[in-house]
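Take a look at the structure below.
Read-outs throughout are calculated quantities, based only on the coordinates presented, and are distinct from any laboratory measurement. Source: prediction; values computed, not measured. Cβ placement follows ideal geometry from the backbone for every residue including glycine, while neighbour counts extend to all protein chains displayed.
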Amino acid sequence: MAHHDATNPANSKVFDLLKHDIRNQLSNIQLALEGLKYEVDDPKGDLNLYFDSLSQSAKKIDELLDGFK
């Protein structure tokens, strides 16, 4: 995705820090979702759909960040 030249902002230290910080927050979201799955008694239907959707969205954001190396 990203070009590897010195003028590309995706190659900057600031961008690396931003990616790191976003990944930390995504990790927190994933952990909270996993915890919620176990806290909710017998999640059904839409609730499972919401958990799965949030989890998949966080994974996709992480994959998008992988594209900027």
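Applied to region 21-32, the Karplus parametrisation 6.51 cos²θ - 1.76 cosθ + 1.60 on θ = phi - 60° returns per-residue 3J(HN,Hα) values of 5, 5, 4, 4, 5, 4, 4, 4, 5, 4, 5, 5 Hz, with x for Gly and Pro. In plain terms, the residue of E39, E34 with the fewest other Cβ atoms within 10 Å comes first and the most crowded comes last, giving E39, E34. Taking a ≥ b ≥ c as the square roots of the Cα gyration tensor eigenvalues, region 9-66 comes out prolate, since a/c reaches at least 1.5 and a/b is larger than b/c. Placing R0 at 35 angstrom, the Cβ-Cβ distance between D41 and E63 gives a FRET efficiency of 0.60 after rounding to 0.05.
Computed from backbone phi, the HN-Hα couplings of region 47-53 come to 4, 4, 4, 5, 4, 5, 5 Hz, rounded to whole numbers (Karplus: 6.51 cos²θ - 1.76 cosθ + 1.60, θ = phi - 60°; Gly and Pro given as x).
Listed by Cβ neighbour count within 10 Å, with the fewest neighbours leading, V14, V40 appear as V14, V40.
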